[in-house]
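J.: One structure, pasted below without further comment.
The values are calculated or read from the model by the stated rules, or taken from the named source; none is laboratory data. Bear in mind the structure is a predicted one, so any value in this text is a computation, not a measurement. Every residue, glycine as well, gets a Cβ built from its backbone with ideal geometry; the counts of neighbours run over all protein chains shown.
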């Protein structure tokens, strides 16, 4: 797809990655070859035609790191920095939506950021800097983290520090806030806590689990939740009045992140206990629901194949190892099949493939998270012999 972008010079010297071959990950390589442009733009990450989201860029940064693909990582980051941050990685958050507008111009279409993408980009840059010995990535990560803490971290009355889903539109005038549980994976927050032990991240991690516990009465989590001051000046979580009680395409990631959280994390067990509804539904029906009403537990529809892959770490963490092995075989086959032929709905393919790569990649032990949030990668030990640590 042709589009007008302004390329910037590569950041620093050519990637000083470990001198060993990229990891053999056919599913990732098939996806990247077809759906990541040579300039680093990830295609079809939005349901809007000819648009790209910061989420898509952030996920593919992380996947490129897991695959030990520094060249593509550099391309994706350079494109994101140039086009979604106005070439100003020091002062700006990435705008969440870029593409062709009604006027035919290719440019940023919405400058409001999405905090999940912002956090994952900062995380990927920190870990790429650590693993590939690239200090420029670490510098970029710290600049972005400064902007996140200044513009997205808020102190909610009666709760403490929390991350808003974006700078605009989530802080209501009547002392009510909208939050997204899937934007705050515990391992990611632990990595930021490690980086800034005196920062807000430990409190944010604790409050994230409190949020999920308070809003999942039937063991299911919602896509969006609300937080509001009450008449007695205490705060409480609730069903978001605008977005409702639905748990579906956003919420599935909460189970994914929870399953990936190391058992040694003090919040891992309470988090998994709060999300037992999904395990019960799968045990009863053999399938994951597409939609759930979180206050009643009523389910609807059968989930797409990406949900099954996303639930692999969760099923393992919940002790359903036999079921997880069965689902892994099916998810791997479905992912391979989806990538083997051109898609008539690439916008739908994107989300399923991202969940598929995250879930099957974890199940194949291509990556795991340590207690401090750092990545433990399958290629790291062999490559450590080639590069001074």
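J.: If we scan segment 227-236, do we find a residue that is under 23 Å from the mean Cα position of the chain (by Cα) and either surrounded by fewer than 21 Cβ atoms within 10 Å (Cβ to Cβ) or more than 17 Å from residue 210 (Cα to Cα) (or both)?
T.: For segment 227-236, residues under 23 Å from the mean Cα position of the chain (by Cα) and either surrounded by fewer than 21 Cβ atoms within 10 Å (Cβ to Cβ) or more than 17 Å from residue 210 (Cα to Cα) (or both): absent.
J.: Quick one: would you say residue 152 is within 22 Å of residue 376 (Cα to Cα), touching a residue at least 40 places away in the same chain (Cβ under 8 Å), in contact with a helix residue (DSSP H, G or I) (Cβ under 6 Å, 6 or more places away or on another chain) and surrounded by 17 or more Cβ atoms within 10 Å (Cβ to Cβ)?
T.: no
J.: Working only within segment 36-92, note down all residues that are surrounded by fewer than 18 Cβ atoms within 10 Å (Cβ to Cβ), modelled with pLDDT of 95 or more and outside any helix (DSSP H, G or I).
T.: 37, 38, 39
J.: Show the residue pairs that are 6+ apart or on different chains and have beta-carbon atoms under 9 Å apart, the first residue being within segment 125-143 and under 16 Å from residue 66 (Cβ atoms), the second being assigned to a helix (DSSP H, G or I) and at pLDDT below 95.
T.: Once the first residue is under 16 Å from residue 66 (Cβ atoms) and sits in segment 125-143, its partners that are assigned to a helix (DSSP H, G or I) and at pLDDT below 95 give 131/380; 131/383.
J.: When only residues in segment 191-223 that are buried (at least 22 other Cβ atoms within 10 Å of the Cβ), farther than 15 Å from residue 270 by Cβ and touching a residue at least 60 places away in the same chain (Cβ under 8 Å) count, which is farthest from the chain's Cα centre (by Cα)?
T.: In this case the residue turns out to be 220.
J.: Additional query: Do any strands (runs of 3 or more DSSP E) entirely within segment 113-221 hold 1 or more residues that are under 24 Å from residue 60 (Cβ atoms) and modelled with pLDDT of 95 or more, and if so, which?
T.: Fully inside segment 113-221 and qualifying: 160-163.
Matching residues to (1) crowded, with 23+ Cβ neighbours inside 10 Å; (2) more than 18 Å from the chain's Cα centre (by Cα); (3) touching a residue at least 40 places away in the same chain (Cβ under 8 Å):
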| residue | (1), (2), (3) |
| --- | --- |
| 147 | no, yes, yes |
| 159 | no, yes, yes |
| 163 | yes, no, yes |
| 171 | no, yes, no |
| 183 | yes, no, yes |
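J.: Quick one: is residue 229 touching a residue at least 60 places away in the same chain (Cβ under 8 Å) and touching a strand residue (DSSP E or B) at 6+ places or on another chain (Cβ under 7 Å)?
T.: yes
J.: Another question, if that's okay. Take residue 273 and decide whether it is assigned to a helix (DSSP H, G or I) and either surrounded by fewer than 20 Cβ atoms within 10 Å (Cβ to Cβ) or in contact with a helix residue (DSSP H, G or I) (Cβ under 8 Å, 6 or more places away or on another chain) (or both).
T.: yes
J.: Does segment 315-335 contain any residue that is more than 26 Å from residue 53 (Cα to Cα) and within 17 Å of the chain's Cα centre (by Cα)?
T.: No, that holds for no residue.
Results for (1) modelled with pLDDT of 95 or more; (2) within 23 Å of residue 354 (Cα to Cα); (3) out of contact with any helix residue (DSSP H, G or I) (no Cβ under 8 Å at 6 or more places or on another chain), shown as yes or no for each residue.
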| position | (1), (2), (3) |
| --- | --- |
| 279 | yes, yes, no |
| 282 | yes, yes, no |
| 285 | no, no, yes |
| 288 | yes, yes, no |
| 297 | yes, no, no |
| 312 | yes, yes, no |
| 315 | yes, yes, no |
| 319 | yes, no, yes |
| 322 | yes, no, yes |
